[in-house]
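Before any comments, here is the structure.
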Amino acid sequence: MDFAVLLKKQAQKYTDKTALNFRDTAVSFTQLRDLSLKAAAGLSGLGVAKSDKVAIYLPNIPEYMFGLLGIFLLRATAVPLDFMLTEEELINFLNHSDAKALIAQEKKGLDLVRIKTACPGLKNIILLAWNEATVDKYFIKWERLLEADIPAPQIKAEDTDHSAIFYTSGSTGHPKGVLLTYAHFDHPVKAFEYFLRPGDQDSLICPGIPFSHLGGLDYMLLMLYFGATMTLQERFHPLEFLKGIAKYRPTIFCIVPAMYVAILSLKDHDKFDLSSLRYAVVFGAPSSPVLLEKFLRACPNAYLLNGWGLTETAAPNSFLPTGTNTKEIANTGKFMPGTEAQLVDAAGSVLSGAAKGELWLKGKAIMAGYYKEPELTREVLTADGWFKTGDVAWRDELGRYSIVGRIKEMIKVGGEIVFEPEVELAILRHPKVKEATVIGVADKLRGEVPKAFVVAADGASLESEELREFLRQHIAHFKIPHQFEFLPALPKNRTGKIDKESLRKT
């Protein structure tokens, strides 16, 4: 993707059209181009050149987007970092990524002077919010960056130029940064074009999914590529999300299952006008048909689609076909042209026909590798280009795929294999259950058994035995959790997914 060409084209075609809504501010496509060019010129004036790494540590605000686009205009490599990272995590990622500059915002508990000292390769820190006593001595103001009296340089664009490093794990230990090229950014828009066919008549609402995750950045790519207006929310708040839909009338959104749970937990969720929606897309985890059927009643004009993809595969990669019965929501459909898929058993043999096994993908969507981690890269990329996703999938007789769960979500109960998501979906069928997740815990007799963490529906009284009796009607006895722990809420990460790792540590 050539952002210089794209920004110029869209600013000419949609001069005064709103590209971005944020709070009560609207940014036109012309303003978006101009602010991005200013950011690029300012970064260039600081010595940032093609292939240099520039990190961004901001909440979901427009400046995050202007900074990203400024980096992309220079054909440098963006390192989008989650604003929830701690100081130690931030230092770890900055050093591992070889970041030359950092665009940041001060926040409580963050010592940016220490960060600059601890990151010898970090030449400049650009601040949006600052302490006047230190900014002039140590840092550069964002406003000053945009005042650079030089034109943004014209950089020759190559598809193989590295566009971004997305860190998916290793926050304090071994870093794991997914390295993508500029060609990878073409894949999400082509996937949406193939499956959903959006256009400039569409509008998007991004409910706080961080730009530090590919799912958040995909919103920006769709806005730019299709000329669609995007409403940006700083963080996910279910009530504000529904208010945003009613006010801005978006036609498309993509959220994770836990966000649907939060929306449906609102007392008056069905009082909001969601009739503008054409597509409501769910990503990130197997989804409960019961839950999504309930949500669909609130937006009857929308197709409810299940999608799948990973950062390593330039998500999204597949979608449930439009018009499919909602009860098949676990089905993520087929992969778009140009992406090959196969299922492989534990011995490494390729499975044919209807089967269940680890999903492997091959094609242009596959990442360039894990940055500076050749051994990690070799573990997941075969010599002939197949990427081992780590997801177990079921392929039906029509060649459609359903994600069963991650390999690490397999529980071996006395020799029987149990997938955590399968048990979770069964629990969620109970009318008194609001949220549920399942993990494996050690057991002296069986080696490992399922344990469930459950949040009861508001005002409902629920006990373990009632759940066990219910589950006996829906799943095999060895899949029924041996322990139930009732919580007021389940922990979530920044993308809204349930944080199982924190539960495993308890």
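The values are calculated or read from the model by the stated rules, or taken from the named source; none is laboratory data. Since we're looking at a predicted model, the values are computed, not measured. Cβ placement follows ideal geometry from the backbone for every residue including glycine, while neighbour counts extend to all protein chains displayed.
Each row is one residue, and each column tells you yes or no for (1) closer than 16 Å to residue 122 by Cα; (2) of a type in the set (Asp, Glu); (3) in a helix (DSSP H, G or I).
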{"residue": "26", "(1), (2), (3)": "no, no, no"}
{"residue": "37", "(1), (2), (3)": "no, no, yes"}
{"residue": "44", "(1), (2), (3)": "yes, no, yes"}
{"residue": "51", "(1), (2), (3)": "yes, no, no"}
{"residue": "60", "(1), (2), (3)": "no, no, no"}
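Quickly run through the stretch 9-24 and pick out the residues that are assigned to a helix (DSSP H, G or I) and either surrounded by fewer than 18 Cβ atoms within 10 Å (Cβ to Cβ) or hydrophobic (A, V, I, L, M, F, W, C) (or both).
Quick first cut of the stretch 9-24, residues assigned to a helix (DSSP H, G or I) only: 9-13.
Those that are assigned to a helix (DSSP H, G or I) and either surrounded by fewer than 18 Cβ atoms within 10 Å (Cβ to Cβ) or hydrophobic (A, V, I, L, M, F, W, C) (or both): 9, 11, 12, 13.
Yes or no, residue by residue, for (1) modelled with pLDDT under 90; (2) hydrophobic (A, V, I, L, M, F, W, C); (3) touching a Pro at 6+ places or on another chain (Cβ under 9 Å); (4) surrounded by 14 or more Cβ atoms within 10 Å (Cβ to Cβ):
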{"site": "121", "(1), (2), (3), (4)": "no, no, no, no"}
{"site": "124", "(1), (2), (3), (4)": "no, no, no, yes"}
{"site": "145", "(1), (2), (3), (4)": "no, yes, no, yes"}
{"site": "152", "(1), (2), (3), (4)": "yes, yes, no, yes"}
{"site": "156", "(1), (2), (3), (4)": "yes, no, no, no"}
{"site": "163", "(1), (2), (3), (4)": "no, no, no, yes"}
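Would you say residue 304 is in contact with a strand residue (DSSP E or B) (Cβ under 7 Å, 6 or more places away or on another chain), within 30 Å of residue 33 (Cβ to Cβ) and not in a helix (DSSP H, G or I)? Steps first, answer last, please.
Details: in contact with a strand residue (DSSP E or B) (Cβ under 7 Å, 6 or more places away or on another chain): yes; within 30 Å of residue 33 (Cβ to Cβ): no; not in a helix (DSSP H, G or I): yes.
The answer is no for residue 304.
Would you be able to say whether some residue in the stretch 221-228 is part of a loop (DSSP other than H, G, I, E, B) and out of contact with any Pro (no Cβ under 8 Å at 6 or more places or on another chain)? Walk me through how you get there before you give the answer.
We begin by selecting, within the stretch 221-228, every residue part of a loop (DSSP other than H, G, I, E, B); these are 227-228.
From what's left, out of contact with any Pro (no Cβ under 8 Å at 6 or more places or on another chain): 227.
Within the stretch 221-228, one or more residues are part of a loop (DSSP other than H, G, I, E, B) and out of contact with any Pro (no Cβ under 8 Å at 6 or more places or on another chain).
Could you list, ordered by first residue, the pairs with Cβ atoms under 7 Å in which the first is in the stretch 86-103 and assigned to a helix (DSSP H, G or I) and the second is among the acidic types (Asp, Glu) and surrounded by fewer than 20 Cβ atoms within 10 Å (Cβ to Cβ), at least 6 apart or interchain?
87/111
With respect to residue 86, is the statement that it is surrounded by fewer than 24 Cβ atoms within 10 Å (Cβ to Cβ), over 23 Å from residue 206 (Cβ atoms), of a type in the set (Val, Ile, Thr) and in contact with a Ser or Thr (Cβ under 9 Å, 6 or more places away or on another chain) true?
So residue 86 passes the test.
Being part of a strand (DSSP E or B) and among the aliphatic types (A, V, I, L, M), is that true of even one residue in the stretch 208-215? So that I can check it myself, show each step before the final result.
At the first step, the residues of the stretch 208-215 found to be part of a strand (DSSP E or B) are none.
Checked against the condition, which is being part of a strand (DSSP E or B) and among the aliphatic types (A, V, I, L, M), the stretch 208-215 yields no hits at all.
State yes or no: is residue 366 among the β-branched types (Val, Ile, Thr), at pLDDT 95 or above and touching a helix residue (DSSP H, G or I) at 6+ places or on another chain (Cβ under 7 Å)?
On the way: among the β-branched types (Val, Ile, Thr): yes; at pLDDT 95 or above: yes; touching a helix residue (DSSP H, G or I) at 6+ places or on another chain (Cβ under 7 Å): yes.
The answer is yes for residue 366.
Just checking, which of 44, 97 is hydroxyl-bearing (Ser, Thr, Tyr) and farther than 16 Å from residue 175 by Cβ? Can you show your working first?
On the way: 97 fails: farther than 16 Å from residue 175 by Cβ.
Exactly one of 44, 97 is hydroxyl-bearing (Ser, Thr, Tyr) and farther than 16 Å from residue 175 by Cβ, namely 44.
Sort out which residues of the stretch 233-255 are part of a helix (DSSP H, G or I) and surrounded by fewer than 17 Cβ atoms within 10 Å (Cβ to Cβ), and write them in order of number. Talk me through it step by step, then tell me what you get.
So the first thing to find is which residues in the stretch 233-255 are part of a helix (DSSP H, G or I), and the list is 238-248.
Scanning the stretch 233-255 gives 239, 240, 243, 246, 247, 248.
Let me spell it out: the conditions are (1) farther than 26 Å from residue 391 by Cα; (2) assigned to a helix (DSSP H, G or I); (3) not hydrophobic (A, V, I, L, M, F, W, C), and residue 421 meets all of them except one. Which number is the exception?
So the condition that residue 421 fails would be (1).
List the residue pairs whose Cβ atoms are under 7 Å apart, where the first residue sits in the stretch 479-506 and is at positive phi, the second is basic (Lys, Arg) and part of a strand (DSSP E or B), and the two are 6 or more positions apart or on different chains.
none
Within the stretch 276-294, is even one residue more than 15 Å from residue 332 (Cα to Cα) and free of Cβ contacts under 8 Å to residues at least 12 places away in the same chain?
The answer is no, given that none of the residues of the stretch 276-294 is more than 15 Å from residue 332 (Cα to Cα) and free of Cβ contacts under 8 Å to residues at least 12 places away in the same chain.
May I ask you to verify whether residue 439 is assigned to a strand (DSSP E or B) and in the same structural domain as residue 498 (by TED's automatic domain parsing)? Full working, then the answer.
Numbers: assigned to a strand (DSSP E or B): yes; in the same structural domain as residue 498 (by TED's automatic domain parsing): yes.
Here the answer is yes, as residue 439 does meet what is asked.
Checking the conditions here, which among 392, 350, 380 is closer than 16 Å to residue 307 by Cα and β-branched (Val, Ile, Thr)?
Values: 350 fails: closer than 16 Å to residue 307 by Cα; 380 fails: closer than 16 Å to residue 307 by Cα.
When all the criteria are applied, what remains is 392.
Criterion first (surrounded by fewer than 18 Cβ atoms within 10 Å (Cβ to Cβ), over 27 Å from the mean Cα position of the chain (by Cα) and either farther than 23 Å from residue 208 by Cβ or not assigned by TED's automatic domain parsing to the domain that holds residue 283 (or both)) does residue 430 satisfy it?
Details: surrounded by fewer than 18 Cβ atoms within 10 Å (Cβ to Cβ): no; over 27 Å from the mean Cα position of the chain (by Cα): yes; either farther than 23 Å from residue 208 by Cβ or not assigned by TED's automatic domain parsing to the domain that holds residue 283 (or both): yes.
Spelling it out, it is not the case that residue 430 is surrounded by fewer than 18 Cβ atoms within 10 Å (Cβ to Cβ), over 27 Å from the mean Cα position of the chain (by Cα) and either farther than 23 Å from residue 208 by Cβ or not assigned by TED's automatic domain parsing to the domain that holds residue 283 (or both).
For the stretch 346-358, give me each residue that is in a strand (DSSP E or B), within 9 Å of residue 394 (Cα to Cα) and not charged (D, E, K, R).
355, 357
Quick one: which residue in 441, 413, 454, 423 is more than 21 Å from residue 261 (Cα to Cα), surrounded by 19 or more Cβ atoms within 10 Å (Cβ to Cβ) and over 23 Å from the mean Cα position of the chain (by Cα)? Don't jump to the end; show me each part of the working.
Values: 441 fails: surrounded by 19 or more Cβ atoms within 10 Å (Cβ to Cβ); 454 fails: more than 21 Å from residue 261 (Cα to Cα); 423 fails: more than 21 Å from residue 261 (Cα to Cα).
Answer to the check: 413.
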